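Values in this text are rule-based calculations from the coordinates and carry no lab data. What you see is a predicted model, and the numbers here were worked out from it, not measured in a lab. FYI the Cβ positions are ideal-geometry reconstructions off the backbone, even for glycines, and counts take in every protein chain you see.
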Amino acid sequence: MAGSLNKVQLIGRLGADPEIKQMVNGKSVARLSIATSQSWKDKSSGERKEKTEWHRVVIFNEGLVNVVQQFVKKGANVYIEGQLSTRKWKDESTGQDKYSTEIVLQGYNSSLTMLDSRNNSNNSNLVSDNKSSLPNENLNQENTDLDDEIPF
């Protein structure tokens, strides 16, 4: 394989307040649960249908963890960039191998931007660890209608 790319970009809402934990090395990690939704009109019944996907997000970047802890709460609308990672662990009660797929934000290839209008004036770039390929100004303007489509 000549090259590869592992990049995830999501815009969604937090389903719960961030969970901040201390790792054994003393550094903090943040865990988020982000919902993305799509809706459509059922052709046969004419009624509006909706499907919500839940995404596990883990943030190891110390600066982002601090900002998430201070400013990001349940219901917040966020844009994230990270990498998909699957980890294997053993269930202590059954001894079976289990797998968990998460979006990991660490290093320079990750960012988190708050999209809520109350944060745009002073905090929208505060949580961005890396410049994305989409300028934050355009991202915020293009997605101002998202609140109408997400049922939170």
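Go through the residues of the range 29-40 one by one and say whether even a single one is more than 15 Å from Ile103 (Cα to Cα) and among the charged types (D, E, K, R). The answer is no; no qualifying residue exists. Residue count for the range 1-31 under the criterion of being under 13 Å from the mean Cα position of the chain (by Cα) and over 17 Å from Gln70 (Cβ atoms): the result is 8.
Residues being closer than 26 Å to Val68 by Cα and touching a helix residue (DSSP H, G or I) at 6+ places or on another chain (Cβ under 8 Å): count how many of those fall in the range 32-49.
Keep residues of the range 32-49 that are closer than 26 Å to Val68 by Cα, which gives 32-38.
Still in the list and also touching a helix residue (DSSP H, G or I) at 6+ places or on another chain (Cβ under 8 Å): 32, 37.
Qualifying residue count for the region: 2.
Taking the range 17-45 as the range and being part of a loop (DSSP other than H, G, I, E, B), surrounded by fewer than 12 Cβ atoms within 10 Å (Cβ to Cβ) and not charged (D, E, K, R) as the test, the residues that pass are Met23, Val24, Asn25, Gly26, Ser44, Ser45.
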